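What follows is a single structure, written as structure tokens, with notes after it.
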Amino acid sequence: MVQKKISVPFNDEGTIKSLQAGDQVLLSGTIFTARDAAHRRMVEQLEKGEKLPVDLTNQVIYYVGPTPARPGDVIGSAGPTTSSRMDKYTPCLLEKGLKGMIGKGYRSQVVIDAIVKNDAVYFAAIGGSGALLAKRIKSVELVAYEDLGTEAIRKLEIEDFPCTVINAPEGRDWYKESQAAFRKCKE
């Protein structure tokens, strides 16, 4: 496996195209948080012809609902949310310029096809390690949908945030490939 340091948002089209399923990456830069309630609201705004509260062009969304920060911390526990809950909204947001998502778990074939079509990438972060992942978040700013509480959209500055590429533009699926390799080893 290859470990790569990547800056986000993606300002170089070649960066995404260089990613392969299974690559280990360390992301640094600016990303946004959004879970299902925020995704639903964004898609509803787009359907009404309204402008989104944040520009998703070349951006990454982290599927997280962070806990409140303890004194001295910028954020509380910030572990990934199950990504499939966003699947019905994801193709629309990819069409609007979103280039990356961070979460946990499988994506539907419709989302994988949209990732390929839009030269995007889906990363997995390690579930259950929210306190450790929070240490990679350097600043947090609430930017939209404050009424959604932990599901509001936040802008995060991250440094060396560890992820694994699960689905990349070439269409491979690291979850399926690694499970097949495991089964083969057991035979």
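Any read-out appearing in this document is the output of simple, stated calculations on the displayed coordinates, not a laboratory observation. Note that the coordinates shown come from a computational prediction; the quantities given were computed from them, not determined experimentally. Counting neighbours? That spans all protein chains shown, and the Cβs are built from the backbone with ideal geometry, glycine included.
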What distance in nm separates the simple spin-label points at Glu44 and Lys155, each placed 7 Å from Cα in the Cβ direction? 2.5
At most 16 other Cβ within 10 Å, DSSP loop - GluC sites (Glu not before Pro), the range 24-77: Glu50
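If the chain were replaced by its equivalent ellipsoid, with semi-axes equal to the square roots of 5 times the Cα gyration tensor eigenvalues, what would those be, largest first, whole Å?
Numbers: eigenvalues 124, 82, 47 Å².
With the √(5λ) rule applied to the chain, the semi-axes are 25, 20, 15 Å.
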Proximal charge balance of Glu13 [Cβ under 10 Å; K/R count +1, D/E count -1]: 0
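Counting pairs of alpha carbon atoms under 8 Å apart in space and at least six apart in sequence, what relative contact order in percent does the chain give?
Details: 426 pairs, mean separation 53.6, N = 187.
Once normalised by length, the contact order is 29 percent.
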As a check on your grasp of the helix formula, calculate [θ] at 222 nm for the chain: sum -39500 (n - 2.57) over DSSP H runs of n ≥ 4, divide by the residue count, round to the nearest 500. -7500 deg cm²/dmol
Under 5 Å between amide hydrogens, which residues at least 5 positions from Val121 or on another chain qualify, with H placed 1.01 Å from N in the peptide plane? Gly100, Met101
Past 20 Å, Cα to Cα: identify those pairs from Lys99/Lys155; Lys48/Lys155; Lys104/Lys138; Lys96/Lys176, in the order given. Lys48/Lys155; Lys104/Lys138; Lys96/Lys176
Could you give the radius of gyration (one decimal) and Dmax (whole number) of the Cα atoms in the range 102-187, in Å? 16.1, 53
